[in-house]
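A.B. asks: Here's a structure for you.
Read-outs: derived from the displayed coordinates by stated rules, not from any lab. Bear in mind the structure is a predicted one, so any value in this text is a computation, not a measurement. Note that each Cβ is placed from the backbone with ideal geometry, even for glycine, and that neighbours are counted across all protein chains shown.
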Amino acid sequence: MGDAGLGQCGTVAAPKTSVRLHGVCEGPDDVYLGLRGLRTLDVRLERHFKSGVAVARWLEARPEVLRMLHPALPSHPGHAIWKRDFSGASGLFSMVLKPVSQKAVYAFLDELELFGIGASWGGYESLAIPFDCSPVRTATKWAPGGPTVRFHIGLEAVEDLCADLERGFAAMAATANP
């Protein structure tokens, strides 16, 4: 860095200079939105958790689902550790489908109306995205047994989300068995 971050006689740069040099650039609106979100974080996380578990249980009972990846479910291999160490969770989890074509998975996702497609897990809306992490896994092999979809369960009513997923499964079946 040379002496670009130092003031006269080798002293540390003034805070304004440090901000410019290090690229810290939160504006007042960004800070306001962050603080606004923190005010309701506890009640939103409680809702994400309860709704997420309810949707995960509903999905676990579906014939199209091979397994659920949600530590709050008793069927999850890490459930005992989760129960020992945690009192809740977010609405973020994954579903492994029984083997179907990529086209069928896309038909499932395309039919969803309440779920956006994306990976921004911090909002209030429900999201879904297909993923395959096998190309980037290095410590262990990723072999889920079927296509995998990651969900973030938002603040919508559980009944509405399950109805939306039901429509997605119908579209998936229609594509898999034309």
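A.B. asks: Please rank T140, T40, T148, fewest neighbouring Cβ atoms within 10 Å first, as an exposure proxy.
C.D. replies: T140, T40, T148
A.B. asks: Quick one: length gained pulling S120 to A163 fully straight, 0.36 nm per residue minus the C-alpha distance?
C.D. replies: The span from S120 to A163 would gain 13.2 nm if fully extended.
A.B. asks: Count charges around H79 for me, please; just the other residues with Cβ under 14 Å from its Cβ, Lys/Arg as +1, Asp/Glu as -1.
C.D. replies: So the surrounding residues net to +2.
A.B. asks: Given Cα pairs under 8 Å that are at least 6 residues apart, what percent is the relative contact order of the stretch 32-89?
C.D. replies: Rounded, it is 27 percent for the stretch 32-89.
A.B. asks: Sort I117, I153 so the one with the fewest other Cβ atoms within 10 Å of its own Cβ comes first.
C.D. replies: With the fewest neighbours first, I117, I153 line up as I117, I153.
A.B. asks: Let me check against my output: what whole-number percent is the relative contact order of the chain, with C-alpha pairs under 8 Å and at least 6 apart?
C.D. replies: The normalised contact order for the chain reaches 22 percent.
A.B. asks: Within the chain, how many Lys pairs sit with Cα atoms under 28 Å apart, leaving out pairs fewer than 8 places apart on the same chain?
C.D. replies: Value for the chain: 6.
A.B. asks: Calculated from DSSP H runs of 4 or more alone, at -39500 (n - 2.57) each and per residue, what is the 222 nm mean residue ellipticity of the chain, nearest 500?
C.D. replies: Computed mean residue ellipticity for the chain: -13500 deg cm²/dmol.
A.B. asks: Under a plain spin-label model, where a point goes 7 Å from the Cα along Cα-to-Cβ, how far apart in nm are R36 and N177?
C.D. replies: 4.8
A.B. asks: At R0 = 41 Å, how high is the FRET efficiency between C25 and L92 if r is their beta carbon distance? Nearest 0.05 is fine.
C.D. replies: So, using R0 = 41 Å, E works out to roughly 0.90.
A.B. asks: Moving to a separate point now. If we count other beta carbons within 10 Å of each Cβ, what is the order of C133, C162, C25, fewest first?
C.D. replies: Ordered by Cβ neighbours within 10 Å, fewest first: C25, C133, C162.
A.B. asks: Let me ask another. Can you list residues from other chains, or at least 5 along the same chain, whose modelled amide H is less than 5 Å from the amide H of G116?
C.D. replies: Result for G116 returns S126, L127, A128.
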